[in-house]
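Worksheet for the structure shown next.
The values are calculated or read from the model by the stated rules, or taken from the named source; none is laboratory data. Computed from a predicted structure; not experimentally measured. Positions of Cβ are generated from backbone atoms using ideal geometry, with glycine treated the same way; all protein chains shown enter the neighbour counts.
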Amino acid sequence: MKILTINAGSSSIRLEVFDIGDGTPRSLGRATATAGDPTALFAKLAAQAGLGVEPPSAVAHRWVHGGPRVRVAALIDANVEAALVQAAPLAPLHAPASLAWLAHCRAVMGPDIRQIVVPDTAYFASLPDVAASYALPREFSARYHLHRYGFHGLAHQSMVTQWLAGRGADAAAAKVISLQLGAGCSVTASHGGAPVDTSMGFTPLEGLVMATRAGNIDAGLLLYLQREAGMDAAQMEILLNQNSGLLGLSGISGDMRMLLASDSPEARSAIALYCYRAKKYIGAYLAALGGADAVLFGGGVGENSPAIRAQIIAGMEWCGLKLDAAANLLPQKQGGRINASDSQIEISVIHVDEAHIMARTAIDLLHGL
């Protein structure tokens, strides 16, 4: 039995094939490319991932936003697909690609192939009301399903699950702050493996500064732009999702590697704001959790940029966070741990493995049918 996982991100596409011979996902291969048309990418990536000529038993799709009707993993039938299409405007950078990959898999593998949606919001489905609610009239929020869904759930679940592994009874009381830093960025506070709060909200726009997304912004500013700049909803959507964040601040790029290599003051300023926002969230989540046992870094930037990790943690000794500069440069030598020996809170770099969580979720769903 094989399961193909498809992770269509805002800037990349990742395929991985798992063998489920003994019920445990075992990776057979993976392939990654810049996001693009599945008709041009599928055959090459599937071959690289080791799919072979036989179709998989199921295809699991990471889905950024399932909306109010798809909060947990499910087989994609006509009703589920309609709900995903309806929710597409809530994640405009991701949903079109995910729908295209879903349609292409059906076209090349046939209509009977079992396709599974694994919502990135599922980890936050039980987020406490105090963290999930907006201070809007309750009847209004209920009518339009206005609450904080949370995103990057697979990434945060992967980091937290890996960190908790082997901790036995201590896992139930563990307090963890995880940062997923890539093209999209988010931070989550978890207690005993369950989320307490997270930075993304109704859409993936809320929270941290991202590659091209604005993150937190005063809603009154948007009303001002409507009146003074004559911007409509479509124009503001492009502004906030595609032209803001690191790209908008620097005027150079949304790619952190390019900004770190630049000497321009705009690049320095963009990086400073990016790190400052992350630092503020760590402080807020230390308050929400009543302290923490670990701060975890994952994602393309979180895993590969010592400079960004150092700038985020700098000056946080007051709350028990102290970095080991040498370990931060080569975290793999310390099993991912990069905190100083006298740090009161562990700091670790964790390789995010969303595909494994997707495959495990698909197995559990199929076994329950």
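Below are the figures for this structure:
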{"quantity": "Hey, Arg71 surrounded by fewer than 21 Cβ atoms within 10 Å (Cβ to Cβ), in contact with a strand residue (DSSP E or B) (Cβ under 7 Å, 6 or more places away or on another chain) and among the basic types (Lys, Arg) or not", "calculated": "yes"}
{"quantity": "Subset tally (residues that are at positive phi and more than 20 Å from the chain's Cα centre (by Cα)) for segment 215-248", "calculated": "1"}
{"quantity": "Failed item, numbered, when Ser158 is tested on (1) in the same structural domain as Ala294 (by TED's automatic domain parsing); (2) in contact with an Asp or Glu (Cβ under 8 Å, 6 or more places away or on another chain)", "calculated": "(1)"}
{"quantity": "Any pair with Cβ under 7 angstrom, 6 or more apart, that starts in segment 118-131 at a residue that is polar (S, T, N, Q) and ends at one that is part of a helix (DSSP H, G or I)", "calculated": "Thr121/Gly153"}
{"quantity": "Residues that are among the aliphatic types (A, V, I, L, M) and at pLDDT below 95, drawn from segment 183-198", "calculated": "Ala183"}
{"quantity": "Residue selected from segment 129-150 under the condition touching a Ser or Thr at 6+ places or on another chain (Cβ under 8 Å) and either over 22 Å from Leu208 (Cα atoms) or among the basic types (Lys, Arg) (or both), by the criterion surrounded by the most Cβ atoms within 10 Å (Cβ to Cβ)", "calculated": "Arg148"}
{"quantity": "Failed condition for Ser186, given (1) surrounded by fewer than 24 Cβ atoms within 10 Å (Cβ to Cβ); (2) without any contact (Cβ under 8 Å) to a residue 40 or more places away in the chain", "calculated": "(1)"}
{"quantity": "From the options Gly291, Gly283, residue that is among the small types (Gly, Ala, Ser), within 29 Å of Asp129 (Cβ to Cβ) and part of a loop (DSSP other than H, G, I, E, B)", "calculated": "Gly291"}
{"quantity": "Residue match in segment 162-170 (condition: part of a helix (DSSP H, G or I), aromatic (Phe, Trp, Tyr) and in contact (Cβ under 8 Å) with a residue 24 or more places away in the chain)", "calculated": "yes"}
{"quantity": "Qualifying residue in segment 305-319 (condition: outside any helix (DSSP H, G or I), closer than 30 Å to Ile3 by Cα and under 24 Å from the mean Cα position of the chain (by Cα))", "calculated": "no"}
